[in-house]
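Q: Below you'll find the structure I mean.
The values are calculated or read from the model by the stated rules, or taken from the named source; none is laboratory data. Computed from a prediction, not measured in an experiment: that's the story for all the values here. Counting neighbours? That spans all protein chains shown, and the Cβs are built from the backbone with ideal geometry, glycine included. With ligands, DNA and RNA removed, areas are computed over all heavy atoms of the protein, side chains included. Shrake-Rupley method; radii C 1.70, N 1.55, O 1.52, S 1.80 Å.
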Amino acid sequence: MKKFISGIIVGIGISAYTVTFASESLQAFFFPSKVAFHNKGETTEVSFSNDDPIINYNNKAYIPLRLFSETLNAKVIYSAPSDSSGGKNVIDIYLNDDDKNVIRDHDNFVSISNLESSPSGTNSYSLSGLITINKDLEGKVIEIHALDSNKKVTGSSAEITIEGGSLAKVGGTRKFSAPIFPQGTPTSFEVVVKDSWGLTNLEYFSDGMINNVAGISFGPPSIDENKKALISGLQFKNQSKNDLNIEPLSIEFQINKVIGDRKEIVKSYKLSDLKGEIPAMSWYKAYLPAWDLRDQNSLPVTPGKYEVSIIVPNALKYNIEGTAVTETLNNFAKFKKWDVELSQDQINKITNN
């Protein structure tokens, strides 16, 4: 991908070479050059290679975009064509923030830079920028907080979308976006990384998957060809106007191959217990591992029916904050399993067979 987006940008007049078009491709020629940037008394020379050469096309010199930008301490992020981009390749260039403007969590799992915040409605903001993965995020959830001028948390969101999230590796940098719903106008933001569960606050919401004041929202999984995985979502939601304290909630996530009347476990993951206070009008989003359609031996699975499920208790005890009365949520997970039919074509696309 790096080579794919390497060529483009600086065009300057040069002596003519023959350039011809062949079908939908173009023919250009190497243009060996020395390029140096001079800025504030410092000189930085760009090192070119056979993989990243300067080329001549139509009497202009073209310098590899990534090499050019990164020499200026910028980051280049490439996104493949999609419906949202109108079928075009997307190239984002981010001028690096000073280190003082980079946001890191306490344990330096991630770093956020080039953070942009824009209003998207009443008490609603859209965040975007770059996130760099510094440590393995297996079993972790990223949470962003909005802060007021006194550094008090006024809003929280774990609904963070990382482009190609399941493929994000340590050392990688990707674009991200997140909604956040603070009380008042935020003056700054912070990022925290938690085990298994991350908190999102709203002023109001209603979830049709929840029959009571609170409960599990477990939606149908979906195949994401960009992330090369089957993605599942799980939240514990409190849609009441009261803070709730819940007893420890233990959940196991499973994927099973269905063979007639029996099942074979393909993947099993136990979440850390969720317990304690669940603020009013909020939910905790769970970390669920993306499934790359491979079995426990890392081999592509066979086509057929698969069951994606959660194992949860039938009842959960809780009390409303400030009261001593214990109440019970019965059958608080309306949906506990979903069936997925996988075709050979889907498996091939995800596993690159």
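Q: Give me the residue from region 254-271 that is surrounded by 17 or more Cβ atoms within 10 Å (Cβ to Cβ) and of a type in the set (Lys, Arg) and, out of that set, farthest from the chain's Cα centre (by Cα).
A: Ranking the qualifying residues of region 254-271, first place goes to Lys257.
Q: Would you be able to tell me the number of residues in region 331-347 that are in contact (Cβ under 8 Å) with a residue 40 or more places away in the chain, loosely packed, with under 15 Cβ neighbours inside 10 Å and not in a loop (DSSP other than H, G, I, E, B)?
A: 2
Q: Could I ask something else about it? When residues of region 298-327 are filtered for being open to solvent by less than 60 Å² (accessible area, probe 1.4 Å) and β-branched (Val, Ile, Thr), how many remain? Show your work before the answer.
A: Filtering region 298-327 down to residues open to solvent by less than 60 Å² (accessible area, probe 1.4 Å) leaves 300-301, 303-304, 306-310, 312-313, 315-316, 318-320.
Pick out the ones that are also β-branched (Val, Ile, Thr) and you get 301, 308, 310, 312, 320.
Total meeting the criteria: 5.
Residues are listed down the side, and each one gets a yes or a no for (1) among the small types (Gly, Ala, Ser); (2) in contact with an Asp or Glu (Cβ under 6 Å, 6 or more places away or on another chain); (3) within 16 Å of Val340 (Cα to Cα); (4) assigned to a strand (DSSP E or B):
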{"residue": "Asn226", "(1), (2), (3), (4)": "no, no, no, no"}
{"residue": "Lys237", "(1), (2), (3), (4)": "no, yes, no, yes"}
{"residue": "Pro248", "(1), (2), (3), (4)": "no, yes, no, yes"}
{"residue": "Val258", "(1), (2), (3), (4)": "no, yes, yes, yes"}
{"residue": "Val266", "(1), (2), (3), (4)": "no, yes, yes, yes"}
{"residue": "Lys275", "(1), (2), (3), (4)": "no, no, no, yes"}
{"residue": "Ala280", "(1), (2), (3), (4)": "yes, yes, no, no"}
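Q: Can you tell me which residues in region 236-253 are within 17 Å of Val312 (Cβ to Cβ) and either open to solvent by less than 30 Å² (accessible area, probe 1.4 Å) or of a type in the set (Lys, Arg) (or both)?
A: Hits for region 236-253 are Phe236, Lys237, Asn238, Leu244, Ile246, Leu249, Ile251, Phe253.
Q: Also, I was wondering about something else. Can you tell me which of (1) free of Cβ contacts under 8 Å to residues at least 24 places away in the same chain; (2) on the phi < 0 side of the Ramachandran plot is the one Ser232 doesn't meet?
A: Ser232 satisfies all of (1) free of Cβ contacts under 8 Å to residues at least 24 places away in the same chain; (2) on the phi < 0 side of the Ramachandran plot except (1).
Q: Further question: Farther than 26 Å from Phe335 by Cα and either without any contact (Cβ under 8 Å) to a residue 24 or more places away in the chain or touching a strand residue (DSSP E or B) at 6+ places or on another chain (Cβ under 9 Å) (or both): is that true of Val141 in this structure?
A: So Val141 does not fit the description; no.
Q: Can I ask one more? Search region 268-289 for residues that are farther than 21 Å from Asn256 by Cα and pair each with any residue that is among the hydrophobic types (A, V, I, L, M, F, W, C) and open to solvent by 30 Å² or more (accessible area, probe 1.4 Å) when their beta-carbon atoms are under 6 Å apart and the residues are at least 6 apart or on different chains.
A: Met281/Leu202
Q: Among the candidates Ile93, Ile103, which residue alone is touching a helix residue (DSSP H, G or I) at 6+ places or on another chain (Cβ under 6 Å) and either closer than 30 Å to Ile54 by Cα or in contact (Cβ under 8 Å) with a residue 60 or more places away in the chain (or both)?
A: Ile93
Q: Limited to region 113-134, what total is found for residues that are exposed (fewer than 14 other Cβ atoms within 10 Å of the Cβ) and not in a strand (DSSP E or B)?
A: Of the residues in region 113-134, 1 are exposed (fewer than 14 other Cβ atoms within 10 Å of the Cβ) and not in a strand (DSSP E or B).
Q: What number of residues in region 183-216 are in a strand (DSSP E or B), touching a residue at least 60 places away in the same chain (Cβ under 8 Å) and of a type in the set (D, E, K, R)?
A: 2
Q: Taking region 150-182 only, how many residues are in contact (Cβ under 8 Å) with a residue 40 or more places away in the chain, closer than 18 Å to Asn201 by Cβ and outside any strand (DSSP E or B)?
A: 4
Q: I need every pair where a residue in region 36-47 that is without any contact (Cβ under 8 Å) to a residue 12 or more places away in the chain has its Cβ under 9 Å from the Cβ of a residue that is part of a loop (DSSP other than H, G, I, E, B), sequence separation at least 6 or different chains.
A: Within 9 Å, the pairs are Asn39/Leu72; Glu45/Lys34.
Q: Which is farther than 30 Å from Asn348 by Cβ, open to solvent by less than 40 Å² (accessible area, probe 1.4 Å) and more than 19 Å from the chain's Cα centre (by Cα), of Ala178, Ala214, Ala158?
A: The unique qualifying residue is Ala214.
Q: What about Thr323, is it without any contact (Cβ under 8 Å) to a residue 40 or more places away in the chain and hydroxyl-bearing (Ser, Thr, Tyr)?
A: yes
Q: Looking at region 285-297, which of its residues are assigned to a strand (DSSP E or B) and open to solvent by 30 Å² or more (accessible area, probe 1.4 Å)?
A: Of everything in region 285-297, those that are assigned to a strand (DSSP E or B) and open to solvent by 30 Å² or more (accessible area, probe 1.4 Å) turn out to be Lys285, Arg294.
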